[in-house]
Amino acid sequence: MDGEMNDRVPGWEPRIVAFLCNWCSYAGADSAGVGRLQYPAAVRVIRVPCAGRINPFFILSAFQKGADGVLVSGCHPGDCHYISGNYSARRKFALLKGLLEHIGIEEGRLQFTWVSASEGERFASVIDTVTEKVLALGPARRMEKRYT
Amino acid sequence: MRTIARNEIGRLLDGLLAGYAVYAPVRRKGILVFDRIRSGDEAILDYANTRTSPKHVLMPQMETLLSSCGEDPGVSEHTDCGKPAVLFGARPCDARAFLFLDKVLRDGQSRDVYYANRRDSLLVISIGCTQPRETCFCTTTGGGPLSAEGSDILLEDLGSVYLAHVASSRGAEFAAAHGLLDTCEGEPPGSGTVNGGLQPAIEPPVDLGLLKAALDRSFDDPLWLTLAEKCLGCGICSYLCPACHCFDIVDEEAAGVRVRNRVWDSCQFSCFTAQASGFNPRPTGRERYRQRIMHKFNYCIDNHGMAGCVGCGRCVSECPVNLDMRQVLAAFGGRRGGN
Amino acid sequence: MRNPYAPVRMRVERNAVETEDASIRTLSLSFVERREVFAFVPGQFAELSLLGVGEAPFGIASSPADPDLLDFTISRAGQVTTELHYLEPGDTVGLRGPLGNGYPLEELHGRNVLVIGGGFGFSTLRAFTSFALHPANRGDFLDLEVVYGARNPGLLLYKDELKNWGRRDDMSLSVTVDNADQDWSGRIGTVPAAVKTLQVDPESTTALVCGPPAMIRYTLPVLAELGLRPDRIHLSLEMKMKCGIGKCGRCNIGGSYVCTDGPVFSLARLDRLPREY
Amino acid sequence: MTDCTARIREETARLLAEGRVDLVIGFEEGSLPLRATPCFITEPGDTGRLIWNAFCSNNLARYLIRSDRKVGIVAKGCDTRAIVELIKEKQVRREDVVIIGVPCHGMVDPHEVRERFGDIRIQTVEDTGGKLVAGDGTALLSMNREDALHRSCRVCVQRNPVISDVLVGEEVEERTRDEFTDVADFASRSAGERWEYIAGEMSRCIRCNACRNACPLCYCSKCFVDETRPQWVGRGTDPSDVLSFHLMRVLHLAGRCVECGACVRACPMGVDLGTLNRRMSADVARMFGCRPGLDPGKPAPLSTFDPDDPQDFMLEP
């Protein structure tokens, strides 16, 4: 089985990078906060103008720099502020996710979802799910760049 | 002991492993390379030459020059190269390349301590060739299948035994310490042995002197354009070459660790000379290919008295478009050389 | 054994904006721990570095007559130069050098020196001019004539110094700009045009030239018209460099390395080298 | 095969003589056994250099990039697939290229031949269509041609030129559909095994950029690898940087890769890049119904979208 599976690394706190689109998901995170919904603190949010702004390099760089998980979230299909940014992005995401899993990056390290501005609850539960999964996988070492 | 039996080599290397990092030809995923061995029997003795050259033993593709950590202002210099090393089984061409690298990196105006430290703690035991490959042209650049230049000890392959020739004072010390007494003194490699007839078999495509003279006049020759036309501009020839040594210095920083690394670079890449302003003195493949040839066969001879090529043939055999450097040399040397 | 890749630590004493657009700044650096005398000649350069960010070569812009404080004029172009621009007094920066050959001082002794600089390339010429004007050195040279130009007045470097030089009677200075603004009362025109108006004695004059390629291209014919021999014209060249010590292989022109054989070349020497710069 | 050579020479001479092109890009005899090499013919008198054999494996479409001349090009199936994409991406104008199409029986991998025949010094190779017969001057050895093909040729579904102006030689029968069984086989291994394999392959990469430079569709004037602000990928052989480079390379080619295998053939270290490329191609085919290079009229899959694109990969909490 997978050598990296390890949910009990002492002292380890997962680091999850969340790329959120400015118009929906970032606002969704906001409304989760306003609604005082509890969700794990492992997430570092990076706000981007649109899911379509995500260059696969952003995601690879996050893993290289030691992220244990990456989440990308944009507006629901049809709701993109830029009309179709999320539709174009969806194709790229599908390929990237497949490719990373193909080379043995564990399923669950990289997640994509849609969260709208009003879906605070959905945002909180997305973070729950993502964090749970990453916790179960343990620290991500495969793509991490190590310096001497 | 004048000779070492072929089946004794494994034991000899095992003996060395206690005190030295030993590099020898090994197969990694089907490809022959020089790598560190953990036991003497790993070394492959039946081979023409390795896919990559052994230069990485002295100049790794990536090495950290300097580093610092956190708030500590101290900088680590990483000049210590650790255990002394033995390179076993280098071919004479590759050993000769070290001689060239020494001139550029160790013996020049500024001593490159990283290279020099490794070089000074490396002992080179090369094995003369019995069977040249169809891409070999060592004789063109001044070497030969039994050249001992750059080696400390040259083993002459007589089939079931090797004849040991000591080629340096360090080689002599080493031979004495390990019972490889050289009794071939005064007898050059190849005299009266099976290898003697090999040298002429590797026919030089050009005369180096005539080539150099021709290149002196050929900077603006339209031939460069046609010769380089099929070149893809990749770095295979540079990176497989035992004599290419151009490098880049790149810094990186993450999680409070700052490093300055040296990495191999290639004159065939456009970013090698591209300036921040966008100006590039070598803007196309024509200038970059010309630089490669001129550097090796013209400038190096002026600056170091030796061509920056040892004729190992790796660039010939591995070029994806079969741009054969021997033909390029012949195009200049042959045409103008008075042949 | 000395490690030629290991920098010495320098402290930033001053970080001053040079140009109106703030794209060029001058850093003044002092030695944190002095290992040996930093002996250099004008025209030499050094590598400045920030570990983890990178290293880049810069001409030494100050005079060897003041060896304790080294000036480097830095145009913001890439990552390293940007970070250098952000340094504040008290910060440290790495330095390797001096590197390269510098201007041929011996050869200039007892001669008129014509200094021609354009834009950002003026930094080492400023070093030379300050050096030559030093009371201890001024007697080594005859007439000192400086021509310096920039695209517009806002891009002129070392403005205070230029003001002082303009008032001196032991040198002459012409400052010219390609495009003037309302406040500009000086000369308008290119550097070669300014050089053209000079009266020089070709037999006793040597020129030092540094500037952008276009300036050099149009200045050289003017110098030829004035009668200067190619061996009496010295150019400071710029090339992409990394190691600065003749090893990394990228700054060569033919068999010569700009970092070790240069950056100053006589035109006579350049004429024997391939045109690849 | 020799027929093709004669016809290629004939067409080249005609194109040059009629002034329809400034040069013709084809293949000539290589300097080594088992090799052919690209050549550039500008004079009708030089057409005798042109050949066609089992070793014409380079993708010549690579040489059309940034060419400002009218070019004739000898093109097998994969070369034309690349040309189709280059035309779609406006890197090549159809009217500037004259395609001498050659149906392809698959190109022979010299490594396979050497592997089979061991250490003999191959001097001659004869291609009988079904067999390859190699001679070292004393003996003749033979192997099935099919077993010696490049990996990309073994799964090629478009061996005949997609587009051409002149067709040289008989059309070949195409293989049945590509079911991407190799991709499925690899995917059926555990994540840990897949990682071990890929990491092992990547560990041999020497960052020579040959895969990039051999690719007919890698034409960016500044590649992401050479970018310094930001520096997307470190320049050395750090395993993480090497992998990043290769992942970005295939992602950049997603929906554009015509599976010619030029990258794999160029690699001096035998790195299995195919495993990455093939996964991309399989996903592009499965999810977006697209085989790059085969349909000149269809937009690139990553330049468009369908509101009903699959999204079962997305997280539903």
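What's the total number of residues in region D:144-192 that are assigned to a helix (DSSP H, G or I), out of contact with any Asp or Glu (no Cβ under 9 Å at 6 or more places or on another chain) and of a type in the set (Gly, Ala, Ser)?
1
What is the one condition in (1) under 22 Å from C:Ser123 (Cβ atoms); (2) crowded, with 16+ Cβ neighbours inside 10 Å that C:Thr205 does not satisfy?
Condition not satisfied by C:Thr205: (1).
Given the options B:Phe297, B:Phe272, name the one that is at the interface with chain C (Cβ under 7 Å from one of its Cβ atoms) and buried (at least 23 other Cβ atoms within 10 Å of the Cβ).
B:Phe272
D:Arg279 - would you say it is under 15 Å from the mean Cα position of the chain (by Cα), in a helix (DSSP H, G or I), facing another protein chain (nearest Cβ under 7 Å) and modelled with pLDDT of 95 or more?
For D:Arg279, the condition - under 15 Å from the mean Cα position of the chain (by Cα), in a helix (DSSP H, G or I), facing another protein chain (nearest Cβ under 7 Å) and modelled with pLDDT of 95 or more - is not met.
Name the single residue, out of those in region B:28-57 being under 24 Å from B:Ala243 (Cα atoms) and among the hydroxyl-bearing types (Ser, Thr, Tyr), that is nearest to the other protein chains (Cβ to nearest Cβ).
Filtering region B:28-57 for residues that are under 24 Å from B:Ala243 (Cα atoms) and among the hydroxyl-bearing types (Ser, Thr, Tyr), the one nearest to the other protein chains (Cβ to nearest Cβ) comes out as B:Thr52.
Of all the residues that make up region A:1-32, how many are over 20 Å from A:Phe63 (Cα atoms) and either at pLDDT 90 or above or under 17 Å from the mean Cα position of the chain (by Cα) (or both)?
Selection size over region A:1-32: 11.
Considering only helices (runs of 4 or more DSSP H) fully contained in region A:1-111, which possess at least 3 residues that are within 18 Å of D:Leu243 (Cβ to Cβ)?
It comes to A:56-64, A:85-102.
Restrict the check to region D:202-217 and report whether at least one residue is touching a residue at least 12 places away in the same chain (Cβ under 8 Å), surrounded by fewer than 18 Cβ atoms within 10 Å (Cβ to Cβ) and farther than 22 Å from B:Cys319 by Cβ. Explain how you work it out, then say what you get.
As a first pass, look at region D:202-217 and keep what is touching a residue at least 12 places away in the same chain (Cβ under 8 Å): D:202-217.
Of the ones still in play, those that are also surrounded by fewer than 18 Cβ atoms within 10 Å (Cβ to Cβ) are D:203.
Those still in the list that are farther than 22 Å from B:Cys319 by Cβ too: D:203.
Yes, region D:202-217 contains at least one residue that is touching a residue at least 12 places away in the same chain (Cβ under 8 Å), surrounded by fewer than 18 Cβ atoms within 10 Å (Cβ to Cβ) and farther than 22 Å from B:Cys319 by Cβ.
Tally up the residues in region B:236-259 that are within 13 Å of chain C (Cβ to nearest Cβ), touching a residue at least 12 places away in the same chain (Cβ under 8 Å) and on the phi < 0 side of the Ramachandran plot, please.
Number of matching residues: 13.
For D:Cys208, only one of the following conditions fails: (1) out of contact with any Pro (no Cβ under 7 Å at 6 or more places or on another chain); (2) in a loop (DSSP other than H, G, I, E, B); (3) more than 14 Å from chain A (Cβ to nearest Cβ); (4) under 30 Å from B:Phe34 (Cβ atoms). What is its number?
Unmet condition: (1).
Looking only at region A:93-144, count every residue that is surrounded by fewer than 20 Cβ atoms within 10 Å (Cβ to Cβ) and among the charged types (D, E, K, R) and tell me the total.
Here the count works out to 8.
Going residue by residue through region B:134-156, is there one that turns out to be more than 14 Å from chain C (Cβ to nearest Cβ), modelled with pLDDT under 90 and surrounded by fewer than 21 Cβ atoms within 10 Å (Cβ to Cβ)?
yes
Exactly one of these conditions fails for D:Trp195: (1) of a type outside the set (Val, Ile, Thr); (2) part of a loop (DSSP other than H, G, I, E, B); (3) within 14 Å of chain A (Cβ to nearest Cβ); (4) in contact with a Gly (Cβ under 7 Å, 6 or more places away or on another chain). Give me its number.
Tallying (1) of a type outside the set (Val, Ile, Thr); (2) part of a loop (DSSP other than H, G, I, E, B); (3) within 14 Å of chain A (Cβ to nearest Cβ); (4) in contact with a Gly (Cβ under 7 Å, 6 or more places away or on another chain), D:Trp195 fails exactly one: (2).
Could you grab me the full set of residues in region B:207-235 that are under 27 Å from D:Arg265 (Cα atoms) and either in a loop (DSSP other than H, G, I, E, B) or within 14 Å of chain C (Cβ to nearest Cβ) (or both)?
B:Trp224, B:Ala228, B:Glu229, B:Lys230, B:Cys231, B:Leu232, B:Gly233, B:Cys234, B:Gly235
Restricting to region B:275-294, count the residues that are in a loop (DSSP other than H, G, I, E, B) and within 8 Å of chain C (Cβ to nearest Cβ).
Adding up the residues that qualify gives 6.
What about C:Val93, is it modelled with pLDDT of 95 or more, over 18 Å from the mean Cα position of the chain (by Cα) and under 24 Å from B:Leu66 (Cα atoms)?
Considered against the rule, which asks whether it is modelled with pLDDT of 95 or more, over 18 Å from the mean Cα position of the chain (by Cα) and under 24 Å from B:Leu66 (Cα atoms), C:Val93 comes out as yes.
Restricting to region D:35-57, name every residue that is in contact (Cβ under 8 Å) with a residue 24 or more places away in the chain, over 17 Å from B:Leu225 (Cβ atoms) and touching a strand residue (DSSP E or B) at 6+ places or on another chain (Cβ under 9 Å).
Once the filter is applied, which keeps residues that are in contact (Cβ under 8 Å) with a residue 24 or more places away in the chain, over 17 Å from B:Leu225 (Cβ atoms) and touching a strand residue (DSSP E or B) at 6+ places or on another chain (Cβ under 9 Å), region D:35-57 yields D:Arg35, D:Thr47, D:Leu50, D:Ile51, D:Trp52, D:Asn53, D:Ala54, D:Phe55, D:Cys56, D:Ser57.
If you go through region C:26-47 one residue at a time, do you hit one that is buried (at least 17 other Cβ atoms within 10 Å of the Cβ), within 13 Å of another protein chain (Cβ to nearest Cβ) and under 21 Å from the mean Cα position of the chain (by Cα)?
The answer is yes; a qualifying residue exists.
Somewhere in region B:12-28, is a residue farther than 21 Å from B:Asn117 by Cβ, among the basic types (Lys, Arg), in the same structural domain as B:Ala164 (by TED's automatic domain parsing) and not in a strand (DSSP E or B)?
no
How many residues are farther than 28 Å from B:Val26 by Cα, in contact with a helix residue (DSSP H, G or I) (Cβ under 9 Å, 6 or more places away or on another chain) and surrounded by fewer than 19 Cβ atoms within 10 Å (Cβ to Cβ) when one looks only at region B:76-105?
2
For the subset of region C:256-277 comprising residues that are surrounded by fewer than 17 Cβ atoms within 10 Å (Cβ to Cβ) and farther than 13 Å from B:Pro281 by Cα, which member is farthest from the other protein chains (Cβ to nearest Cβ)?
The qualifying residue farthest from the other protein chains (Cβ to nearest Cβ) is C:Ala268.
When you check C:Arg14 against the structure, is it surrounded by fewer than 21 Cβ atoms within 10 Å (Cβ to Cβ), part of a loop (DSSP other than H, G, I, E, B) and not aliphatic (A, V, I, L, M), yes or no?
In short, no.
Residues that are of a type in the set (Gly, Ala, Ser) and more than 26 Å from D:Arg256 (Cα to Cα): does region A:82-104 have at least one?
no
So which residues in region B:215-230 are buried (at least 18 other Cβ atoms within 10 Å of the Cβ) and either more than 22 Å from D:Ala61 (Cβ to Cβ) or in contact with a Lys or Arg (Cβ under 8 Å, 6 or more places away or on another chain) (or both), if there are any at all? It would help to see each step written out before you state the result.
Narrowing region B:215-230 to residues buried (at least 18 other Cβ atoms within 10 Å of the Cβ): B:215, B:218, B:224, B:227-230.
Result: B:Leu215, B:Ser218, B:Trp224, B:Ala228.
Please tell me if B:Gly313 is of a type outside the set (Asp, Glu) and more than 11 Å from chain C (Cβ to nearest Cβ).
Details: of a type outside the set (Asp, Glu): yes; more than 11 Å from chain C (Cβ to nearest Cβ): yes.
For B:Gly313, the condition - of a type outside the set (Asp, Glu) and more than 11 Å from chain C (Cβ to nearest Cβ) - is met.
Hey, any hits in region A:70-78 for a residue that's more than 16 Å from A:Gly28 (Cβ to Cβ), crowded, with 20+ Cβ neighbours inside 10 Å and more than 10 Å from chain D (Cβ to nearest Cβ)?
Within region A:70-78, one or more residues are more than 16 Å from A:Gly28 (Cβ to Cβ), crowded, with 20+ Cβ neighbours inside 10 Å and more than 10 Å from chain D (Cβ to nearest Cβ).
Residues to consider are B:Pro60, B:Pro73, B:Pro25; find the one that is out of contact with any helix residue (DSSP H, G or I) (no Cβ under 8 Å at 6 or more places or on another chain), surrounded by fewer than 20 Cβ atoms within 10 Å (Cβ to Cβ) and more than 14 Å from chain D (Cβ to nearest Cβ).
Working: B:Pro60 fails: more than 14 Å from chain D (Cβ to nearest Cβ); B:Pro25 fails: surrounded by fewer than 20 Cβ atoms within 10 Å (Cβ to Cβ).
Every option except B:Pro73 fails the conditions.
From the residues in region A:114-148 that are among the basic types (Lys, Arg) and in contact (Cβ under 8 Å) with a residue 60 or more places away in the chain, which one is nearest to D:Val242 (Cα to Cα)?
Restricting attention to region A:114-148, the residues satisfying the condition of being among the basic types (Lys, Arg) are A:122, A:133, A:141-142, A:145-146.
With in contact (Cβ under 8 Å) with a residue 60 or more places away in the chain added as a condition, the list becomes A:122, A:133, A:141-142, A:145.
Working: A:Arg122: 37, A:Lys133: 27, A:Arg141: 15, A:Arg142: 12, A:Lys145: 10 Å.
Checked region A:114-148; the qualifying residue nearest to D:Val242 (Cα to Cα) is A:Lys145.
The values are calculated or read from the model by the stated rules, or taken from the named source; none is laboratory data. For clarity, every value in this text was computed on a predicted model and none was experimentally measured. Note that each Cβ is placed from the backbone with ideal geometry, even for glycine, and that neighbours are counted across all protein chains shown.
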